[in-house]
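Step one of this worksheet: look at the structure below.
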Amino acid sequence: MEYNFNGKKFRITHIEGPDTEVNEKTIFHFHQENDVIWGEYSGGKVKLGRLIGIITGNKLKHNYIQINLNNEINSGEGNSTIQQIEESKLQIVEEWEWKSQTGKGKSVMTEL
């Protein structure tokens, strides 16, 4: 299945892991050109974040960088699986790992 993330908005619906800065108040705005995906996000403990990655089939490999409410810059990477949860809605199930600090976890983003 091919996915088109252009103009889609997602929010975190589940998160687990140490020192998480995204939460259910974080909104992601995505763009896509061919297999390249990128997005901006903010909300929760994040002032501004950017994500960039590659989609292969139903897999998304990406890196992210964000500025938190304390003006600290943090970054990491994630490997995700894209799932269709309703006829027209997507969900991203992610395993992520900090690169700017220690820790890793899991999150779920659901299309709005």
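Structural remarks
- Which listed residue is crowded, with 16+ Cβ neighbours inside 10 Å and acidic (Asp, Glu), from Glu21, Glu2: Glu21
- From the list Gly103, Gly43, Gly49, the one residue that fits, being over 20 Å from Asn6 (Cβ atoms) and within 13 Å of the chain's Cα centre (by Cα), is Gly43.
- Members of the stretch 46-73 found to be closer than 17 Å to Glu94 by Cβ and out of contact with any strand residue (DSSP E or B) (no Cβ under 7 Å at 6 or more places or on another chain), listed by number: Thr56, Gly57
- Some residue of the stretch 46-64 being of a type in the set (Lys, Arg) and in a loop (DSSP other than H, G, I, E, B): no
- Some residue of the stretch 99-108 being polar (S, T, N, Q), out of contact with any Lys or Arg (no Cβ under 6 Å at 6 or more places or on another chain), part of a strand (DSSP E or B) and surrounded by 19 or more Cβ atoms within 10 Å (Cβ to Cβ): yes
- Matching residues in the stretch 2-45 - criterion: being touching a residue at least 12 places away in the same chain (Cβ under 8 Å), in a loop (DSSP other than H, G, I, E, B) and closer than 17 Å to Leu90 by Cβ: Tyr3, Asn4, Phe5, Asn6, Gly7, Lys8, Thr26, Asp35
FYI, it's all coordinate maths here, none of it is from the lab. Since the structure is predicted, the reported quantities are computational estimates derived from the model, not experimental observations. Heads up, the Cβs are rebuilt from the backbone with ideal geometry, glycines too, and the neighbour counts pull from every protein chain shown.
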